1. Would you work out the relative contact order for segment 54-152, in percent, from Cα pairs under 8 angstrom that are 6 or more residues apart?
2. Need one word for segment 1-41: rounded, prolate or oblate. Basis is the Cα gyration tensor (sqrt eigenvalues a ≥ b ≥ c); a/c below 1.5 gives rounded, then a/b vs b/c decides.
3. At a Förster distance of 41 Å, what's the computed FRET efficiency of residue 136 paired with residue 6, Cβ-Cβ distance as r, to 0.05?
4. Hey, of (i) 19.1; (ii) 16.5; (iii) 19.7, which did the structure itself give for Kirkwood radius over Cα pairs in Å when calculated?
5. Using only Cα atoms, locate the centre of segment 97-138 and the centre of segment 30-75, then give the distance between them in Å, rounded to an integer.
6. In percent, what relative contact order does segment 1-53 have, based on Cα pairs under 8 Å that are 6 or more apart in sequence?
7. To two decimal places, what compactness ratio does segment 18-66 give when its Cα radius of gyration is scaled by 2.2 N^0.38 Å?
8. Could you work out the relative contact order of the chain, using alpha carbon pairs under 8 angstrom and six or more residues apart, expressed as a whole percent?
Amino acid sequence: IVNNFVSGIILLIERPISEGDWVEVNGQMGTVRAISVRSTRIETFDRTDVIVPNGDLISKKVVNWTLSNRNRRSKVPMKTSPDADPEKVIELFNKIAVDHPHTSKDPAPKTYFYGYGPDGNLNFALLYWTTFSDTLKTDSQIALTIFKTLKEEGIQAPAPVRRIISESPGSKE
C-alpha cells in the first residue's frame, strides 16, 4: 500500500502519464481514464477497465504512445501483380495519401517499392503521418481508395495461386 501511495504521488508530480494518454503496461493497452493516489484506471479498446497499481507504473515498463506527440507514422503495405509499372503505382499511392485530409503534408507521404516478393508479386509500402486518433480510420480509407484506384487504372491485385500436387499411382514417395 505504501509503495502504491508513494508511486501515486510520483505519478501526479512527474506526469509520465496523464489522463487521456494511450498506454501499454503489463500487456494491457488502453486510454488512461483516472489517476488516483493508489491506482490508475485504464480503459481498454473493448471498454473494459483495468486497475493498475501505481507501483507497477513506476517499476515496470510502460509505453506511453501519446506522451509528447500525438502524430503517428502509418504504414499501408500493398501488393500488385508482377506486370504492374512500379513507378506508376508509386505515383498513384503518393497522390492518394497526399489528397487525404487526415495525412500530414510535412513530411510528405512516401511510397517504397520492395521488388518481387516470394509469391512473385510486387511489394510496396505507403508511409505517411497522421494524428494518433485518426490512424485506423485513415489507414482504412486510404487502403480502400488504393483498391478502387488500382481497379480504375487496370492494375491487377495479386490473385492467390494454389498448386495441388498429387502422387501418381505406383509412386513410391
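1. For segment 54-152, the relative contact order is 35 percent.
2. On the way: a/c = 2.10, a/b = 1.53, b/c = 1.38.
It comes out prolate by the Cα gyration axes.
3. Details: r = 37 Å, r/R0 = 0.91.
After rounding to 0.05, the efficiency reads 0.65.
4. This structure yields the entry labelled (iii).
5. Cα centroid to Cα centroid, the span is 27 Å.
6. Numbers: 83 pairs, mean separation 15.1, N = 53.
Dividing the mean separation by the residue count of segment 1-53 yields 29 percent.
7. On the way: Rg = 9.5 Å, N = 49, 2.2 N^0.38 = 9.7 Å.
The value comes to 0.98.
8. Values: 274 pairs, mean separation 31.3, N = 173.
Relative contact order, the chain: 18 percent.
Values in this text are rule-based calculations from the coordinates and carry no lab data. Since this is a predicted model, take the numbers as computed values, not measurements. Ideal geometry is used to build each Cβ from the backbone, glycine not excepted, and the neighbour counts take in all protein chains shown.
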